[in-house]
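S.K.: Have a look at this one.
The values are calculated or read from the model by the stated rules, or taken from the named source; none is laboratory data. Note that the coordinates shown come from a computational prediction; the quantities given were computed from them, not determined experimentally. When we count neighbours, we look across all protein chains shown, and the Cβ atoms used for this are built from the backbone with ideal geometry, even at glycine.
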2 protein chains.
Amino acid sequence: MAEVASQELLLAAAFVSDAQYNRNIPFKTSPEAVRLYYLYNRWFMRTATYFFIFLNLSLAVFEEPAVYPLPFLATSLVEVLCLLVFFGRLMHFAKITHRNVFWKDTKNICIMVAILLSLTDLAIYGALRIYNIKSVRWSRIVRPIFLINFAESRQIRRAFRSIRNTLPEITYVFLLFMFSLLMFSLMALKLFGERNLQTAEGLPYFRDYLEIVFDLYVLVTTANSPDVMMSQLAIQNILQFIWKMALFCLFPRLSAQQVISLSSRMPAFDFSSWYALFFIAFVIVNTYIFMSLFLAVVYNNYKKHLKNEIRTLAYMKRRKMIEAFNLLKEEEGTQFVVREAMWKQLVKLVAPDISNSHRELLLRISDDEQKGFIDKKSFLQLADLLNIQVITLKIRSHPLGQWMPRVYRSAVSQFLRSVVRHRGFVWTYDVIILINAVFIALDEESPYISYAEWVFLALYIIEILLKVYTYEPRAFFGKNQFWNWFDTLIIFAALTATILNTTLKSTTKYNSQRILDIVFILRVLRLIRIVDSIQRFRVIMNTLINIVPTMLTFGGLTLVVYCIFAIIGMELFHGKIQFFPPNSNAPYALECGNPALKDSLFARGKYCKNNFNNFASSFIVLMELTVVNQWHVFANGFANVTAQPAKLYFIAFHIVMVIIIVNIFVSFILEAFFVEYSLEKSEVETAIEQKIQELGMGVQEEALQDEQLLDNMESPDNDLEGEGGTKAQPKGLVFKIASKPHACLQ
Amino acid sequence: MAEVASQELLLAAAFVSDAQYNRNIPFKTSPEAVRLYYLYNRWFMRTATYFFIFLNLSLAVFEEPAVYPLPFLATSLVEVLCLLVFFGRLMHFAKITHRNVFWKDTKNICIMVAILLSLTDLAIYGALRIYNIKSVRWSRIVRPIFLINFAESRQIRRAFRSIRNTLPEITYVFLLFMFSLLMFSLMALKLFGERNLQTAEGLPYFRDYLEIVFDLYVLVTTANSPDVMMSQLAIQNILQFIWKMALFCLFPRLSAQQVISLSSRMPAFDFSSWYALFFIAFVIVNTYIFMSLFLAVVYNNYKKHLKNEIRTLAYMKRRKMIEAFNLLKEEEGTQFVVREAMWKQLVKLVAPDISNSHRELLLRISDDEQKGFIDKKSFLQLADLLNIQVITLKIRSHPLGQWMPRVYRSAVSQFLRSVVRHRGFVWTYDVIILINAVFIALDEESPYISYAEWVFLALYIIEILLKVYTYEPRAFFGKNQFWNWFDTLIIFAALTATILNTTLKSTTKYNSQRILDIVFILRVLRLIRIVDSIQRFRVIMNTLINIVPTMLTFGGLTLVVYCIFAIIGMELFHGKIQFFPPNSNAPYALECGNPALKDSLFARGKYCKNNFNNFASSFIVLMELTVVNQWHVFANGFANVTAQPAKLYFIAFHIVMVIIIVNIFVSFILEAFFVEYSLEKSEVETAIEQKIQELGMGVQEEALQDEQLLDNMESPDNDLEGEGGTKAQPKGLVFKIASKPHACLQ
């Protein structure tokens, strides 16, 4: 069909497809450009681009300082290859858009500059390397630009835009927060600074203003929570002393004995509790109020930005659909319409993989009165219609029922199937899962327990087979049957791994640790299924599963930030801290190979393995910094081995990652759950559902929920007790709208 | 006026006053009951109740284990007194309500049971004490019930209701969270448990299932973040060993040398990085997703509950107002109305302290067309009208202008006043504050700097005097001039303290540390004023100041939870851990007096001072537990000295305080700021403003903002340059609606 499609049809299909996937590429309308545009959007072109972006990013693993060192020539050749691919992709894009549009788009300029910078840096570094001069590969920082700026990663760009829009608002709050921090630091300096206090460790306490600011900033993150207050002990002693002196001065006639008894009888002057008030006030104001304020500002902007974004998208979508309509319209009476045949060809082009029956359903919705054409209003809905995942459930009789109908319909078989369909079947297996959990927790050594593992595996396999026997296999493994797929994969992977392990064990007399690990994890994962049995949990789990794709966006965002900070971190701190095995004889092995760390919390915490010596270690350190706890130990450790301003690196990371990105992530989860709590079906979804019900092809929701699996998929010749054919099902088909995340969150 | 008020009027006034303050007390309508009801609501009765509630709560400070020990007789007498007061208050309440209403209200039953329990316990404890048998004062736990259940603390009750309503929803999420925790723990047991791993400290690592669950629960709060992963080191070594063994087994023909070189050349099998994935997955799922989920659930319920609450309040208010209307209504033509005279008497009774002009304004709003009566619709608005804080700005000429008009209006005086009114004046003082900040941070020792302090004090006092000279004093110290009050108080307190300190120093040659501390704090607080100069900061600050009263509710909530946990904690852990001064000779001084703490993190962290030995210490420990960091050290420490299940106490506190109350607090701040961001004036407020503008008595908002202080308050005889009397100001009065927090947040 696609071969005979006219140029207009191809162009219109491109518009509709753009509208469907929210793409906003202003392509040229020449035949060649449209052809190139189709090629540009092919899945393999996009996948290849992503592949090379990640290849380029992962070069950091192989370049000095490397996790797996490769020769410079190899990495630079790969980098040049990646840059060539990026350039090619960009040229491809240039071919399909208008020249002035292309040059106005900052994305393209960014990519070109990044390519140029990378090449220049590579050339300089290579040249200097020949003369053995060590220089810095600074261009590695620009690599995440490719991830951000290629048109495919629209969502990451949107997240960055969201951050950019939040910045002005958050800056004000941040300044106020810094002001509060500086004020409290000044107070701390005045209250504690000039009294020669010592920490519990005997180090000077709260002497230097900048030190205090840093300590209190860390206290905001609660990372040094009780410790920073611990020199109360010292304060108390000194104040006790001062109190005694004051008693001497005020009542000179008291004997020394009397003074001591007086001051010991006066717990009212246990000042330390009063000084704790300082820290309590600080924590309330800065940790609780200001940190909530940051969340409030980020969340508020996130919501506002989301609204604007949706408005823009809707406008863009409508414009594209109107262009498509204008290409295909024909006059019909007083209005312009699109003929049914044309519409069908268009849908086939745009969505080649939807079934005929699904297409028929869409046509029935668009052409409500079966007039043979689609008017403008219905046509504009097409992109939204295509976006709604309608599950076509083909009502087929069970293949076994066709191959050996006598056996399949025998009384035993009927009974078996009714047992499987019974609610007790699910409950039985829930109990089995719980027993299995106990067995997993028990010791592995006893042979009975390892035999029990085989029993459980067998039970699970029987369950799956019984379900496939009862329900139609193609329905059981339908696109949206997440839990069925999950079960089957987990069980068969566990079966394979267990068999492999047993074979290995019987041949080599030794468990392979890695396979065992996988077996363990698979066994535990099996237990997740029990969650699915409880309605309330299922709702929460479904929301969580629905937001996973968008969470990947935050994964991308985090990746970009981590990459940049890891590369800077490696330049700043590479090799300063080394890890030695516990019984090493290297000099300063206990101080991570650096005498500057002697007696530091970093060395005492045995954190030497957390260093910036390669890309993987850097990522782990940054992950630990994201989790916040003990980050001051890292900051102080690395500041000790380089210079004090190195702390700024850690503070910057905290601001970017924890205050901004984690808060955006929290906002996203909040919004996702609020949407889920107050979910109303969109207008288009309602229209489709209505039509499905009108056509009598709907799945009874209750029946579905009650029976847990798709009972109604049984062929009509299979007697349905109780329900008694409420509606004729004309085409042996039922439709159901898949529950999906809210469009705005995708 | 109140003496001649009829019974109906008194009753109606009680209804209106109830509606105004959102009270919901179903009192009897008999003359005596109404009289008692007025007495019941008097400020001194309410204050006295609060006083005795807090007295009762603070008894914990004086009872064993005491901060300030008092004899048992004294504390028990005070307690009996408090209980008598509570009983009296309850009887008073019983007198004014119907009997069946009284006995249906769980609040009253609660209070009576609490009084009975307290008395019983007191009697038993006292009796046992005579025979020297030590028993537990278990009834102390019920004391917070008085704070919650007395009708005055409506807001705390509302917060508790909010928590109760959130519980079912949060329980589901919590169960899912626990399920995830247990699953991950099982996985950890399987992955790490059976390999004889050791922590960096050489202790067994991840062996016992319950230990793992606790460790991972702590990891969710990020308190033990990098440390719990640290035995990766050990894992790595063991896996390296296993890998070598596997190589031996798989390729038996390799020489030992070859195996070692192979395994050392294979950094690909640095398993530790792969195991870090376990922890990363754990932190993402449990710390980031589930903790956000808790916030989402709490916030969602908080919003929903707030909406219901407001709806109920509005209904209750309307009902009360209708009852009041029915009491006072008279027939006028076809409808029932309230006569103006009656209305005025009513308003005087309900709000005796509002000015005549303000009452006139309200009348003009209610009786729009000056018909001499108020119809039902307008009457029902009265409670809302009274709730809106209208600031009556009396336009008076400056008292100096009246006393010595010639001097006050002289050219010098005029110039001075225009200087003070100039924006540069504010800027100059901002610069002075900044310079002052630098001086504060500098060393105190130099005499020049201590002289500078006097200069700054003088400058600030001059500023206040100038402002009072320029603006009308009564307006300058108006009710809503928060910053003026703040400035003046801070400056005069600092002045007093500095003078006191200097006197003390010159007589006793010794600084009093406490006075110095106060001086320091006052000096630093002075700097806050600079925030007020920047518009954007002022908005945020105003929101913060507006929500302070409601934050006190959370203070009450926290107090209740702290009290209960402190009392339980003291019973469980009292005396188990002791603090000794650093150079004490007591046995086990380094182990907090308890050999069970030998080598524990608790003793090594020098946390001995954090114990449950008295009420104040308990509060500080609970505060540190609220901040979360290092809480596992506390939990382990106290579990070591008592029994392992003691950890449950800490987990319970974490769930109640951090997961529920902190999240409600965050929800409250989020909501407060969203309301602030999208603040629209209520219907009634708009009506008042309209009326104020109509009457030409409004303050130009812009003029106010520009001039920073209330310029328009100058009497009209004072020439206003530029503005040129845009509107006649008939009564020498202007009104302004005070910005106030959203009603629903109060």
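S.K.: Quick check on my filter: what residues within the stretch B:452-475 are of a type in the set (Asp, Glu) and either assigned to a helix (DSSP H, G or I) or within 28 Å of B:ALA441 (Cα to Cα) (or both)?
M.R.: Selection gives B:GLU453, B:GLU463.
S.K.: Of the residues B:VAL4, B:VAL67, which is modelled with pLDDT under 85, outside any helix (DSSP H, G or I) and outside the structural domain of B:TYR125 (by TED's automatic domain parsing)?
M.R.: After ruling out the rest, the residue left standing is B:VAL4.
S.K.: Please go through the stretch B:358-400 and pick out each residue that is at pLDDT below 80, part of a helix (DSSP H, G or I) and not aliphatic (A, V, I, L, M).
M.R.: Once the filter is applied, which keeps residues that are at pLDDT below 80, part of a helix (DSSP H, G or I) and not aliphatic (A, V, I, L, M), the stretch B:358-400 yields B:ASN387, B:PRO399.
S.K.: Would you point out which residue out of B:THR75, B:THR97 is within 20 Å of B:ASN614 (Cα to Cα), at pLDDT 85 or above, surrounded by 14 or more Cβ atoms within 10 Å (Cβ to Cβ) and not aromatic (Phe, Trp, Tyr)?
M.R.: B:THR75
S.K.: List every residue pair whose Cβ atoms lie under 7 Å apart, where the two residues are 6 or more positions apart in sequence or sit on different chains, the first residue falls within the stretch B:490-503 and is part of a helix (DSSP H, G or I), and the second residue, located anywhere, is at pLDDT below 85 and β-branched (Val, Ile, Thr).
M.R.: B:ALA494/B:VAL519; B:ALA497/B:ILE515; B:ALA497/B:ILE518; B:ALA497/B:VAL519; B:THR498/B:VAL519; B:LEU500/B:ILE515; B:ASN501/B:ILE515; B:ASN501/B:VAL519
S.K.: Contact list please: Cβ distance under 8 Å, first residue in the stretch B:274-296 and within 7 Å of chain A (Cβ to nearest Cβ), second residue surrounded by fewer than 19 Cβ atoms within 10 Å (Cβ to Cβ) and of a type outside the set (Gly, Ala, Ser), pairs at least six apart or on different chains.
M.R.: Pairs that qualify, where the first residue is within 7 Å of chain A (Cβ to nearest Cβ) and the partner is surrounded by fewer than 19 Cβ atoms within 10 Å (Cβ to Cβ) and of a type outside the set (Gly, Ala, Ser), are B:ALA296/A:PHE674.
S.K.: Continuing with the same structure: Could you please find all residues in the stretch B:347-357 being within 35 Å of the chain's Cα centre (by Cα) and part of a helix (DSSP H, G or I)?
M.R.: B:VAL347, B:LYS348, B:LEU349, B:VAL350
S.K.: Within the stretch A:580-611, how many residues turn out to be of a type outside the set (D, E, K, R) and either in contact with a Pro (Cβ under 8 Å, 6 or more places away or on another chain) or facing chain B (nearest Cβ under 8 Å) (or both)?
M.R.: Residues that pass the stated criteria total 7.
S.K.: Could I ask something else about it? Here is a list of conditions, (1) farther than 30 Å from A:MET541 by Cα; (2) within 14 Å of chain A (Cβ to nearest Cβ); (3) not hydroxyl-bearing (Ser, Thr, Tyr), and B:ARG319 meets all of them except one; can you say which number that is?
M.R.: Of the numbered conditions (1) farther than 30 Å from A:MET541 by Cα; (2) within 14 Å of chain A (Cβ to nearest Cβ); (3) not hydroxyl-bearing (Ser, Thr, Tyr), the odd one out for B:ARG319 is (2).
S.K.: Another question, if that's okay. Identify, from the list B:ILE567, B:ILE490, the residue that is touching a Lys or Arg at 6+ places or on another chain (Cβ under 7 Å), in the same structural domain as B:VAL633 (by TED's automatic domain parsing) and either within 30 Å of B:ASN611 (Cα to Cα) or not charged (D, E, K, R) (or both).
M.R.: Checking each option against the conditions leaves just B:ILE567.
S.K.: If the requirement is being more than 17 Å from A:ARG23 (Cβ to Cβ), at pLDDT 85 or above and touching a Lys or Arg at 6+ places or on another chain (Cβ under 9 Å), which of these qualifies: A:PHE290, A:PHE325, A:PHE294?
M.R.: A:PHE325
S.K.: Go through the stretch B:522-540 and report how many residues are facing chain A (nearest Cβ under 9 Å) and among the basic types (Lys, Arg).
M.R.: Number satisfying all stated conditions: 2.
S.K.: Follow-up. Which one of B:LEU147, B:LEU167, B:LEU181 is exposed (fewer than 14 other Cβ atoms within 10 Å of the Cβ) and either without any contact (Cβ under 8 Å) to a residue 12 or more places away in the chain or not polar (S, T, N, Q) (or both)?
M.R.: Of B:LEU147, B:LEU167, B:LEU181, the one residue that is exposed (fewer than 14 other Cβ atoms within 10 Å of the Cβ) and either without any contact (Cβ under 8 Å) to a residue 12 or more places away in the chain or not polar (S, T, N, Q) (or both) is B:LEU167.
S.K.: Does A:THR120 fit the bill of being away from chain B (no Cβ under 14 Å) and hydroxyl-bearing (Ser, Thr, Tyr)?
M.R.: It is true that A:THR120 is away from chain B (no Cβ under 14 Å) and hydroxyl-bearing (Ser, Thr, Tyr).
S.K.: Which condition from (1) of a type outside the set (Gly, Ala, Ser); (2) modelled with pLDDT under 80; (3) within 23 Å of B:ALA616 (Cβ to Cβ); (4) buried (at least 16 other Cβ atoms within 10 Å of the Cβ) is the one that B:PRO582 breaks?
M.R.: For B:PRO582, the exception is condition (4).
S.K.: Which numbered condition in (1) surrounded by 14 or more Cβ atoms within 10 Å (Cβ to Cβ); (2) touching a Leu at 6+ places or on another chain (Cβ under 9 Å); (3) assigned to a helix (DSSP H, G or I) is the only one that A:GLY478 fails?
M.R.: (3)
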